[in-house]
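Here is the structure we will look at, set down as structure tokens.
The values are calculated or read from the model by the stated rules, or taken from the named source; none is laboratory data. Given the structure is predicted, the values throughout are model-derived calculations rather than measurements. Cβ placement follows ideal geometry from the backbone for every residue including glycine, while neighbour counts extend to all protein chains displayed. Surface areas here come from the heavy atoms of the whole protein model, side chains and all, with no ligands, DNA or RNA. Shrake-Rupley method; radii C 1.70, N 1.55, O 1.52, S 1.80 Å.
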Amino acid sequence: MTERQWRSIDIATNEIREYTKKAGIETAWDRLEAQEPQCGFGKLGICCRNCLMGPCRIDPFGDGAREGICGATADTIVARNLLKHICAGSAAHSDHGREVVHALLLAAEGKSDVYKIRGREKLHALADEFGIPRDGRSDEAIAKDLGALFLAEFGRQEGTLLNLARAPEQQRKNWEAVGASPRGIDREIVTALHSTTVGVDNDPEHIIMTCARAALADGWGGSMIASDVSDVLFGEPHPLRSRVNLGVLKEDEVNILVHGHEPTLSDVIVAAASDPELLALARSKGAKGINLAGICCTANEILMRHGVPIAGNFLQQELAVATGAVDVMLIDVQCVFPALAELQNCFHTKVVSTSPKAKFPGAVHIEFHEDAAYETAKEIIRLAIENYPNRDRAKVKIPRVEEKLVAGFTTEVVHKILGGRYRPSYRPLNDGIQSGRLRGVAGVVGCNNPRFPVDNCHVELVKELIRNDVLVVQTGCSAIACSKAGLLTPEAASKFAGKGLQEICRAVGIPPVLHVGSCVDNSRILTACAEMVKEGGIGTSFDKLPVAGAAPEWMSEKAIAIGMYFVASGIFVVIGQPLPVQGSPMVTEFLTKTMEKHFGATWAFEADPIKAAHLMIDHIDLKRRELGLPGPMYDVPYAPKTVDQESAARSVVLEAVGAGS
Ligand code: NFS
Ligand code: SF4
């Protein structure tokens with residue numbers, strides 16, 4: 001892989017990547033190179049290992065096998081593979097949701113040494129929403145009922161998910177009409193997996209409908225429950241300032257990185273890191289303090305609620321260890337490279353796995369159980385402190401790169417900041433859209449992928465959107481990417497946003513790009529859209545709204561589930577590299593065109609971030625016209641600024657995904 005292909009707009013990433021290259025320390029980019037050329041059958045989605053008559057693969061050129069041994073066509077195989085991905089992605093988010101509900105029940109029953117109900121307002125709002133009596137009852141009693149109600153959503157056998165009531169009526173009718181209303185969360189995943197086994201569902205269109213239902217069970221079920229219950233348990237986020245990038249690591253303090261996803265772990269680590277006993281121990285080892293920072297989505301969880309700085313996103317996990325300054329990297333589940341266990345041998349870092357679900361050969365395993373959470377957290381921090389003196393000073397290379405950011409926006413926060421404390425409302429947002437001052441709203445989310453230079457697509461796409469007066473909401477690694485580029489500060493409005501968006505940001509004091517949390521918090525984007533519909537004037541269901549979504553550097557099965565629940569909810573989604581479906585023109589056509597008929601939205605594949613931004617803007621403009629809204633208040637020249645570096649980065653992206661000329 002050439003330097004041109006991996007070089008990022010993030011200088012901290014480049015600095016450590018150069019160092020690892022020179023030092024012969026293997027990272028994802030080197031392993032990608034060893035994989036190249038990657039399997040074309042896999043990319044096109046036309047290999048099947050669903051039974052052991054196979055594996056079978058379809059010849060994409062039509063000269064060889066046109067069917068698997070059982071007779072499955074490329075269309076069936078492609079659709080089935082997509083459904084398996086979606087099941088895995090939905091399962092990941094939903095299982096995370098279930099863990100948080102378990103922790104809520106422990107808190108409610110007084111069985112935890114640390115979990116408490118910190119989001120009282122949210123608890124009461126949810127109780128009212130779901131008809132749980134509050135009069136004369138303790139928060140714990142209410143939380144117990146709420147926990148039981150949410151837990152039952154996973155195994156629900158009759159009826160559909162309760163959260164669907166949050167969707168606009170028209171939306172629910174649309175789902176009903178195509179049989180996509182999800183029932184129990186676990187049930188949808190199990191039923192969908194059943195249908196992918198040999199000789200069950202072979203109708204590709206029908207399989208895609210199952211994809212939609214399984215994904216909706218994630219977005220409106222598992223993920224939404226994860227976000228809501230996390231707010232009850234760990235407190236509702238509020239806007240706060242913090243810092244981001246590898247420069248947040250400290251040379252003279254014990255550095256602990258939390259990496260993974262479940263706030264049940266990371267939130268407790270935050271509490272334990274300020275334990276006086278541990279701080280004294282750290283000082284006795286010569287460290288000035290304990291410095292906690294995060295990687296990936298668990299970082300977003302503790303950023304949103306505590307302002308803990310973020311060290312990096314998905315592709316920076318190895319680079320963080322390679323700074324030589326990490327004493328413990330704590331991991332739980334999802335998006336964790338198994339390579340970390342090997343990489344720690346080059347440094348003094350100890351990788352500590354904690355989840356009973358995820359073990360990593362070579363890592364220290366200290367199993368985390370919610371009922372003894374605080375003690376386990378202390379044990380892990382103690383290990384980091386004991387490891388601090390082992391740091392090899394000669395190997396410590398912390399890039400002096402960090403950026404400021406503002407995070408902590410939620411559906412409720414947007415309510416309050418827009419309408420003011422005494423009259424919370426989405427009216428000003430809808431007014432902004434109706435007048436054309438704001439063109440629309442876009443969600444930009446998802447991963448990094450070594451097939452793209454780290455962060456480039458996220459940042460270019462988001463810059464182009466805000467330049468065109470589109471307000472951007474972000475989660476996950478995409479939010480981290482743009483915060484590293486300085487887009488998540490109120491000052492970014494005057495630097496990068498169009499005139500209309502600037503006026504809104506200045507009036508309300510917000511950045512042009514709002515950080516709404518981790519990947520499960522994409523569900524907040526759904527509830528925010530529901531609020532916009534409820535406020536009125538810009539459409540009666542999501543497919544009428546001038547909004548769009550994107551995942552420019554996606555790689556994970558979870559990203560497919562997220563994309564699918566957005567599309568199935570009526571929101572147009574553009575992703576960087578294509579879904580692995582192009583071995584079936586029929587399935588590709590169904591996803592990128594026919595879905596419109598059933599759900600009011602489609603997928604689009606576009607690797608060039610500027611073109612992707614304009615697909616979204618064109619969609620937003622189309623929706624504006626359909627609603628009879630005026631055009632944008634301020635003209636923005638269509639052509640993006642022709643900064644050489646930007647266009648160079650774009651051509652590299654196209655090369656990297658094999659779309660360049
Ligand atoms: Ni979501 Fe991608 Fe992972 Fe978070 Fe980052 S890689 S799909 S953004 S950390 S889950
Ligand atoms: Fe081959 Fe059919 Fe078995 Fe898949 S399910 S491996 S296509 S025989």
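Binning the alpha carbon pair distances of segment 1-132 at 5 angstrom intervals from zero yields the distribution 2, 8, 10, 10, 8, 8, 10, 11, 11, 12, 8, 3, 1, 0, expressed in whole percent. The heavy atoms of H619 present about 30 square angstrom of accessible area, all protein chains included, probe 1.4 Å.
Solvent-accessible area per residue in the chain equals 36 Å², computed with a 1.4 angstrom probe and all protein chains kept.
Rounded to whole Å, give me the distance from the Cα center of segment 342-368 to that of segment 98-145. Taking the Cα centre of each part, segment 342-368 and segment 98-145 sit 33 Å apart. Taking a cut-off of 14 Å, what percent of all Cα-Cα pairs in segment 551-593 are separated by more than that? Tail of the P(r) past 14 Å holds 49 percent of the pairs. In this entry, segment 186-236 is assigned a mean projected area of 3.8 nm², taken as a quarter of its C-alpha convex hull surface.
Over all directions, the projected convex hull of the C-alpha atoms in segment 354-462 averages 13.4 nm² in area. Summing charges over all other residues whose Cβ lies under 12 Å from the Cβ of M329, with Lys and Arg as +1 and Asp and Glu as -1, gives -2. Under 5 Å between amide hydrogens, built in the peptide plane, is the criterion, and for E262 it picks out V333 among residues at least 5 positions away or on other chains.
Under a 5 Å amide H cut-off, with hydrogens placed 1.01 Å from N, A604 pairs with V573, V574, I575 among residues at least 5 apart or on other chains.
For I538, no residue 5 or more places off, or on another chain, has a built amide H under 5 Å of its own. Were the residues from V508 through E386 laid out at 0.36 nm apart, the gain over their Cα-Cα distance would be 39.3 nm.
The calculated FRET efficiency for the pair E109 and V190, based on their C-beta separation and a Förster distance of 41 Å, comes to about 0.90.
Computed with a 1.4 Å probe on the full set of protein chains, the accessible area for S138 sits at about 60 Å². Segment E367..A148, full-extension length gain: 76.3 nm, with 0.36 nm per residue of separation and the alpha-carbon distance subtracted. Looking at the chain alone, DSSP beta bridges between its own residues are antiparallel in about 20 percent of cases. Extending 7 Å from the Cα toward the beta-carbon at both K416 and S435 defines two label points whose distance is 2.5 nm. For segment 459-595, averaging the sequence separation of C-alpha pairs within contact (under 8 Å, six or more residues apart) and dividing by the residue count gives a relative contact order of 18 percent. The residues neighbouring E386, those whose beta-carbon lies less than 10 Å from its own, together hold a net charge of +2 under the Lys/Arg +1, Asp/Glu -1 convention.
Summarising the strand pairing of segment 187-344, around 0 percent of its internal DSSP beta bridges are antiparallel.
Rolling a 1.4 Å probe over the protein heavy atoms leaves W6 with an accessible area of roughly 10 Å². Averaged over residues, the count of other Cβ atoms within 10 Å places the peptides 58-67, 190-199 in the sequence 190-199, 58-67, highest first. Compactness check for segment 8-69: Cα Rg over 2.2 N^0.38 Å is 1.77.
Shown is the FRET efficiency for E205 and E169, computed with R0 = 35 Å from the Cβ-Cβ distance and rounded to the nearest 0.05: 0.85. Length, then width, then depth: along the principal axes, the Cα atoms of segment 72-202 run 60, 37, 21 Å.
The helix-based estimate of mean residue ellipticity at 222 nm for the chain, built from -39,500 (n - 2.57) per DSSP H run of four or more residues and divided by its residue count, is -14500 deg cm²/dmol to the nearest 500.
Under a Cβ-Cβ cut-off of 12 Å, what is the net charge of the residues other than E253 that fall near it, where Lys and Arg count +1 and Asp and Glu count -1? Charge balance near E253 sits at +2. Our coupling estimate for segment 118-123, obtained by passing each phi through the Karplus curve with A = 6.51, B = -1.76, C = 1.60 and θ = phi - 60°, is 9, x, 4, 4, 5, 4 Hz, Gly and Pro reported as x. Here the Kirkwood formula, the inverse mean of 1/r across different C-alpha pairs, assigns the chain a hydrodynamic radius of 25.1 Å. Here E36 and R625 are evaluated by their C-beta separation; at R0 = 35 Å the FRET efficiency comes out at 0.20. Spin-label model, V178 to R49: label points 7 Å out along the Cα-to-beta-carbon direction sit 3.1 nm apart.
Element breakdown for the chain at a 1.4 angstrom probe: carbon and sulfur atoms account for 53% of the accessible area.
Rounded to the nearest 20, the Cβ-based charge dipole of the chain about its Cα centre (Lys and Arg +1, Asp and Glu -1) stands at 1080 debye. Where q = 0.17 Å⁻¹, what log10 of I(q)/I(0) comes from the Debye formula for segment 280-385, counting one point per Cα? Values, matching the q order: -0.84.
Extending 7 Å from Cα along the Cβ direction at A339 and again at K499 yields two label points whose distance is 4.8 nm.
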